[in-house]
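Just so it is clear, none of the values below were taken in a lab; they were calculated from the coordinates. Computed from a prediction, not measured in an experiment: that's the story for all the values here. Cβ atoms come from the backbone with ideal geometry, glycine included; neighbour counts cover every protein chain shown.
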Amino acid sequence: MATDEKFVVYVMDQLEGVEGLTVRKMFGEYALFKEGKVLALICNSQLFIKPTVSGRNFIGTPVEAPPYKGAKPSFLIDDELDNKEWLCQLVSLTYEELPAPKPKKPKKEKAKP
């Protein structure tokens, strides 16, 4: 089941306190980015935050589930989705802990016949 765009708008409204956060549609679902880091996925109208030590400490006992079949488990955010301050703090902690994205390799030019 694809994510309802209204849910994406709601999540982004909840996270308006996180500066520089963007969302991009990918493979029929959505990814939340900040400065090139993927912080969360929105799949099947559910919010999944990438797991980090600081996020786990902040949440306490997180519910973990894969956002899609074959994916590693992430923190499934359900009960606190309406708590803007809590959610912004979790996303900020996640951003701080995740490593910077690896630089992209330059594309190889195709040989011309």
Residue ID - surrounded by the fewest Cβ atoms within 10 Å (Cβ to Cβ), chosen from residues in region 47-88 that are more than 24 Å from residue 101 (Cα to Cα) and of a type in the set (S, T, N, Q): 61
Those residues of region 87-113 which are aliphatic (A, V, I, L, M), touching a residue at least 60 places away in the same chain (Cβ under 8 Å) and either outside any loop (DSSP other than H, G, I, E, B) or in contact with a Cys (Cβ under 9 Å, 6 or more places away or on another chain) (or both) amount to 87, 91
Strands (runs of 3 or more DSSP E) contained in region 1-86 and holding at least 2 residues of a type in the set (A, V, I, L, M, F, W, C), in contact (Cβ under 8 Å) with a residue 24 or more places away in the chain and in contact with a Leu (Cβ under 8 Å, 6 or more places away or on another chain): 37-43, 46-49, 74-77
Which numbered condition residue 19 fails, given (1) more than 12 Å from the chain's Cα centre (by Cα); (2) within 23 Å of residue 73 (Cβ to Cβ): (2)
